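Note sheet for the following structure.
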Amino acid sequence: MAAPRIVVTRRIPEPALELLREGSELWVSGEDRPLETAELHAAVAGADAVVTLLHDRVDDAFLDAAGPQLRSVSNVAVGYDNIDVPAASARGVLVTNTPGVLTEATADIALGLILAATRRLGEGERLIRSGAPWSWHMFFMLGSGLQGKTLGIVGLGGIGRAVARRARAFGMEIAYFARNRAPEEVEAELSARPLGFEELLAEADVLSLHCPLSEETRHLIDAGALRAMKPSAYLVNTARGPIVDEAALVEALRSGEIAGAGLDVFEREPEVEPGLIELENAVLVPHLGSATEETRTAMAELAARNALAIAAGEPALTPVNAGQLKET
Ligand code: DGY
């Protein structure tokens, strides 16, 4: 049997490429940028499997360009809002993602943003680097402590739980809103209280987003939701940018409707709403959630193993649409 043709749309860590080289006829983009649509479509033509990154749009046009032999799309990300899963399922194309391997790294960044926003770390750093005179005094750059405060989590999956565990170590109380109630043992371990969305907005001292982006969650945090939060509350987003209406967030941060925000993801990434950049009470980092050597390598290896398994006729390790696949 001829080796499967596998296309990787951007540079990924070498251990994953080694795996793929052994088991396929491999084409890898040498770029660290997303391919333009026309380049992407040309690259995937004739592929049996494609390993995609989170900014590659996998839609009908992509699937048409790839051709009917395509069997799998393996996203190197846990989020797969860049992929039209029903369109892939309708063509019998299996989609996989990378859950689990980036949970701890992403939770670390969420906690980092919680600390940076509540303790004004970005603002302090900018002050020092500006060369402006400063001196310690009792009321200098006071932030907000976490002990005894409520962390409101939207989406209590793996990452939400890992953030909750960290926050418990900082003395925070946990409340959450999720589509499905978490198992009893999870609630017990985290002392997590389930709340309605409105209740969570009203109670959270820090609101951290850990839900996938979907039509249901797009602009979940809009002007109304921000108005419902406490003026002393902070918003942290390490999930997907479009879950937050960025223009509304700028207004809420400017007017003091909420106290601050920590953002790892942006609505029109890599573009950042200009209003955010001017705000001292916004901590902004460039989508670093999974950005450790170990995690990125594990993500790429998992995607590679998924692509190879499917090409060999074996079950995928972390399928997204196994149950929905149409026979072709
Ligand atoms: C993911 O896996 O969805 C992350 O956003 C990548 O960092």
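Every read-out reported here was derived from the displayed coordinates using simple, explicitly stated rules and does not represent laboratory data. A quick note: this is a predicted structure, and the numbers were derived from the prediction, not measured. A quick note on method: Cβ atoms are made from the backbone with ideal geometry, for glycine too, and the neighbour counts reach across all protein chains shown.
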Q) So if R0 is 35 Å, what FRET efficiency would Glu215 and Glu125 give, r being the distance between their Cβ atoms, rounded to the nearest 0.05? A) 0.40
Q | Projected-area mean, segment 136-185, by convex hull of Cα positions, square nanometres | A | 4.6 nm²
Q.
With angles folded into 0 to 90 degrees, how steeply does helix 246-255 sit against the dominant principal axis of the chain? Use alpha carbons for both and round to 10.
A. 10 degrees
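Please compute the length gained on full extension between Met138 and Gln324, using 0.36 nm multiplied by the number of residues separating them and subtracting their Cα-Cα distance.
Between Met138 and Gln324, full extension yields 60.9 nm more.
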Q) For the chain, what does the equivalent ellipsoid look like in terms of its semi-axes, each the square root of 5 times an eigenvalue of the Cα gyration tensor, given largest first in whole Å? A) 39, 22, 18
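For segment 279-328, what is the convex hull volume of the alpha-carbon atoms per residue, in Å³? Numbers along the way, then the final one.
Values: hull volume 7.0 nm³, N = 50.
Hull volume over Cα atoms, normalised by residue count, gives 139 Å³.
What's the local net charge at Gln69, with K and R +1, D and E -1, over the other residues with C-beta under 11 Å away? The partial results should precede the final answer.
Details: positive: Arg5, Arg71, Arg91; negative: Asp48.
Once positives and negatives cancel, what remains is +2.
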Q. Per the Cauchy relation, a quarter of the hull surface: what is the mean projected area of the convex hull of the alpha carbons in segment 132-241, in nm²?
A. 8.7 nm²
Q.
Give me the three principal axis extents of segment 12-83 from the C-alpha atoms, as integers in angstrom, largest value leading.
A. 31, 24, 21
Q.
Using Cβ counts within 10 Å as a stand-in for footprinting exposure, how do Glu267, Glu104 rank, fewest first?
A. Glu104, Glu267
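Note down the Stokes-Einstein diffusion coefficient of segment 184-279 in µm²/s, whole number, using a Kirkwood radius over alpha carbon pairs, 4 °C, and 1.567 mPa s.
On the way: Rh = 13.8 Å.
After rounding, the answer is 94 µm²/s.
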Q | Shape box of segment 214-328 [Cα atoms, principal axes, largest first, Å] | A | 57, 33, 23
(Q) If R₀ is 51 angstrom, what is the calculated FRET efficiency for the pair Trp27 and Arg179, using the beta carbon separation as r and rounding to 0.05? (A) 0.85
(Q) I'm checking a number: the convex hull volume of the Cα atoms of segment 245-307, normalised per residue, in Å³. What is it? (A) 106 Å³
Q: Give the order of Arg71, Arg57 when sorted by the count of other beta carbons within 10 angstrom, beginning with the fewest.
A: Arg57, Arg71
**Q.** Spatial separation of Cα centroids for segment 155-193 and segment 1-34, in angstrom
**A.** 38 Å
Q) Sorted from fewest to most neighbouring beta carbons within 10 Å, what does the list Glu273, Glu184 look like? A) Glu184, Glu273
